[in-house]
Each structure stands twice: as C-alpha cells, then as structure tokens.
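This report concerns only the one structure given below.
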Amino acid sequence: MLKQFFIICSGSDTAILETCSVGEQNKYVGIGATVFFTAIMAFIAASYALYTVFDNLYTAIFFGLIWGLLIFNLDRYIVSTIKKTGNVMDELIQASPRILLAIIIAVVISKPLELKIFEKEINQVLLEQKNELTLANKNQIAEQFNPSIESLNKDIKSLQDEISTKESEVNALYNTYISEAEGTAGTKLLGKGPVYKEKREKHDAALAELQQLKAENKAKIEAAENQIAALKGDFETQVVTTQPIINNFDGLMARVNALGKLPWLPSFFIFLLFLAIETAPILAKLLSPKGSYDFKLEDQETAVKTSVLQNKNQREALLKTDYALNDRIYSDIENEEELYAYKRKKAIEIMQLQTDAFYKRQKNAL
C-alpha cells in the first residue's frame, strides 16, 4: 500500500508501471517518496513561519498544510512532465524551467527552517537591535520635550539670578549704613545721624522689595518646576507607551533581517541541502537511463498522436472530396430547363408578394 502511494506521488501512470519490472517500479517509488517528504518539510517550514506571524498554532497548521499540499502538487507536476527522450540536451532544455522553479521552492522552504535552527543567535541579534531602538526612541521623544524643559530651566535661572542680584544690592546697602554708624565710611562720624537714617531707610526699602521679589519669584519658580515635572511625566508616559512596540519587534521580516546579519555559510549549506532535496526527483529522472516505463509511455502517446493525425487527415480528405463533388453536381444541373422554370415561377411569386405588401403599407400610410 505504501509502495502504491509513493508511485502515485511520483505522478507516473500506474497502469503502465504495473506492467514494468520491480526495479522500474522502485525507481518511481523513490521519486514519489522524495516528492512526499519534500512536501512534509514544506509543511513544517510554512507552519513555523506562519506561527511567527499569527502567533496561533491552529492557524499556522491550517495554512501550513495548504502550503505543503501546494508544494506537493507542484513537485508532482514537475516530475510527471519531464519526458525521457534519450537526448541529454533536449532533456536539460526541457527540465531547465522546472529546475529554476525547484530552486525557488527550495529557497522558500529552507528560509523558515533556518530561522528556527538559528533561533538563539537571531534572538541575540534582535535583543541588540531592540536595545538600540529603545535608546533611539528615548532620544527622539526627548527631542520633543527638551526644548520646553530647557526654556523653563532658563526662566528659573533668570528668576534666581534676579533674587541674587537684589540680595547683593541689599547687602551692599546694609554694609553702607553700618559703616556710616561705625564712622568707617561716608561722613566718618560715629553714631546714628541723619545720613545713617537715610541710608538705613534706603536699605529697609530695598529689603522689603527683596522679600516681595522672593515671594513672587518663588511662586514663578514653583510653577516652572511643576511644568518641568509634568513634561518629564509625559516623557516617561510616551516611553512606556511606545516600548511594547519595540518589544514586539520580532516578526518574520525582523527575523529574516537578523538572519542576514549572521555568517552566511551555515545558511548557505542549509539552502544547498534543501535544494538537493527539491531537485532530487528531477535529477533522478534526468540521470536515469530510459527505462521500460518510458518506452511504454512513449508508445502509448505516439499511438494516440498517430490516431489523431490519421483522423485529422481523413476528415480533411473527406471535406476536399465533398467540395469537389458539390462543384461537379452544381455544374451538371446549371443548364437544366425544368429547374430554371421552377425557380422563375417562385421568383415571380415572391415579387408579387413584395408588391402587395408594399401597396398595403402605402395605403395605410395615406
């Protein structure tokens, strides 16, 4: 039963193959087994690739099964359409487009399995890329907030400098009236005279202005600091919101790109393996000598072709003869008086009917 199944997978004519030797049957059993197991590998590869896309096992298995059946049908068609002619060049020309298609199929099948085989190395590359994306994302978001934060910091610095300037002015006035009282500067008269009182009042007025300035600037500084805190909170919120997108940066395309960053030689050997598997049925048929199955199949096909050509030629000869007979018959009856009189009578009747019909239409129109 398994042998019959693999023969069906090879795409050969089972009725013809049953009349061939066991060795000939085994050759097509091997070709059919290669086609079948290639389809199994295609199913596994497609299921894994689709699982990375949909992240759902049942969906991946369903579409992977469809893909495996498609590859099976293509391989079976490719093998079954290669005919042994006995001429190597003709067979190579015949098989060249099929070999090209087999190469494409091998690439499609091997790539998902490469992703699975080198999964740990790919995850390491993806981790590095995610870290780079995280830093780049923070820098991009920071560019949106940094100008506003820097502007607010400048405002705070300006307000603080304004207070410092005013404090320096008050301290200078304080030193002035103290020096006047001690007689070390100004009038250099010891005691609290009119000049001292004038300088003391000037200092007290400046001190009151300083207290008021501190209160006003403190409120402004607190407002600016609250705005900075709010901006930093928005920055952190955006970072947290966008991070899941970066964390999910492990889809099929990302993994294929990460695979491209790994050394190419291991992937190339895996591709060669699947290329060998995919082209094995074709090469087996090309390299094998023309066997009894090929002769019997050719005999059957040429018999049908010959029969079709004979029927076509017979129909053409029959048609040609029929034309000749018709020409001869009509030539013989061309001068028959009886036929002439009969057709003349009928033509007169038709003309009379046409005249009557025309008369009726004209009468109705009037």
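Restricting 228, 245 to residues that are of a type in the set (Val, Ile, Thr) and under 30 Å from the mean Cα position of the chain (by Cα) narrows the list to 245.
For the stretch 138-149, how many residues meet the condition of being of a type in the set (A, V, I, L, M) and either touching a Pro at 6+ places or on another chain (Cβ under 8 Å) or surrounded by fewer than 16 Cβ atoms within 10 Å (Cβ to Cβ) (or both)? Let's see the steps before the verdict.
Applying the first criterion (of a type in the set (A, V, I, L, M)) to the stretch 138-149 yields 141-142, 149.
Narrowing further to those that are either touching a Pro at 6+ places or on another chain (Cβ under 8 Å) or surrounded by fewer than 16 Cβ atoms within 10 Å (Cβ to Cβ) (or both): 142.
The number of residues fulfilling the criteria is 1.
For the condition more than 22 Å from the chain's Cα centre (by Cα), more than 24 Å from residue 104 (Cα to Cα) and of a type outside the set (Gly, Ala, Ser), residue 29 qualifies.
Please enumerate the residues belonging to the stretch 266-320 that are of a type in the set (Gly, Ala, Ser) and farther than 22 Å from residue 96 by Cβ.
Narrowing the stretch 266-320 to residues of a type in the set (Gly, Ala, Ser): 267, 276, 280, 284, 288, 291-292, 303, 307, 317.
Across the stretch 266-320, the qualifying residues are 267, 291, 292, 303, 307, 317.
Consider residue 135 carefully, then state whether it is in contact with a Phe, Trp or Tyr (Cβ under 9 Å, 6 or more places away or on another chain) and surrounded by fewer than 17 Cβ atoms within 10 Å (Cβ to Cβ). Taking the combined requirement at face value, the residue does not satisfy it.
Hey, among the residues in the stretch 145-175 that are among the polar types (S, T, N, Q) and free of Cβ contacts under 8 Å to residues at least 24 places away in the same chain, which one's nearest to residue 197 (Cα to Cα)? Give the steps one after another, and end with the answer.
We begin by selecting, within the stretch 145-175, every residue among the polar types (S, T, N, Q); these are 146, 148, 151, 153, 158, 160, 164-165, 168, 171, 175.
Adding the requirement that they be free of Cβ contacts under 8 Å to residues at least 24 places away in the same chain leaves 146, 151, 158, 164-165, 168, 171, 175.
On the way: 146: 51, 151: 43, 158: 33, 164: 25, 165: 24, 168: 20, 171: 16, 175: 13 Å.
The qualifying residue nearest to residue 197 (Cα to Cα) is 175.
Only one entry of 268, 358, 295 meets the criterion of being free of Cβ contacts under 8 Å to residues at least 40 places away in the same chain, closer than 30 Å to residue 19 by Cα and not aliphatic (A, V, I, L, M), and that entry is 295.
Do we have residue 292 as small (Gly, Ala, Ser), surrounded by 17 or more Cβ atoms within 10 Å (Cβ to Cβ) and in contact with a helix residue (DSSP H, G or I) (Cβ under 6 Å, 6 or more places away or on another chain) here? Please lay out each step first, then the result.
Working: small (Gly, Ala, Ser): yes; surrounded by 17 or more Cβ atoms within 10 Å (Cβ to Cβ): no; in contact with a helix residue (DSSP H, G or I) (Cβ under 6 Å, 6 or more places away or on another chain): yes.
So residue 292 does not fit the description; no.
Would you point out which residue out of 126, 152, 173 is modelled with pLDDT of 85 or more, surrounded by 14 or more Cβ atoms within 10 Å (Cβ to Cβ) and under 30 Å from residue 213 (Cβ atoms)? Break it down stepwise before answering.
Numbers: 126 fails: under 30 Å from residue 213 (Cβ atoms); 173 fails: modelled with pLDDT of 85 or more.
On inspection, the qualifying residue turns out to be 152.
Out of 316, 338, report the one residue that is of a type in the set (Asp, Glu), in a helix (DSSP H, G or I) and loosely packed, with under 10 Cβ neighbours inside 10 Å. Please lay out each step first, then the result.
Details: 316 fails: loosely packed, with under 10 Cβ neighbours inside 10 Å.
The match here is 338.
When 68, 23 are screened for being surrounded by 13 or more Cβ atoms within 10 Å (Cβ to Cβ) and either assigned to a helix (DSSP H, G or I) or among the aromatic types (Phe, Trp, Tyr) (or both), only 68 passes.
Could you tell me whether the stretch 103-113 includes any residue that is of a type in the set (D, E, K, R), under 21 Å from the mean Cα position of the chain (by Cα) and assigned to a helix (DSSP H, G or I)? Break it down stepwise before answering.
Taking the stretch 103-113 as the starting set, the residues that turn out to be of a type in the set (D, E, K, R) are 111.
Right, trim to under 21 Å from the mean Cα position of the chain (by Cα) and you get 111.
The next check asks that each one be assigned to a helix (DSSP H, G or I); those that pass are 111.
Within the stretch 103-113, one or more residues are of a type in the set (D, E, K, R), under 21 Å from the mean Cα position of the chain (by Cα) and assigned to a helix (DSSP H, G or I).
Does residue 204 qualify as being surrounded by 17 or more Cβ atoms within 10 Å (Cβ to Cβ) and out of contact with any strand residue (DSSP E or B) (no Cβ under 7 Å at 6 or more places or on another chain)? Judged against the criteria, residue 204 is not a match.
The values are calculated or read from the model by the stated rules, or taken from the named source; none is laboratory data. Everything quoted here is computed from the prediction, not taken from an experiment. Virtual Cβ from ideal backbone geometry, glycine too; neighbours counted across all protein chains shown.
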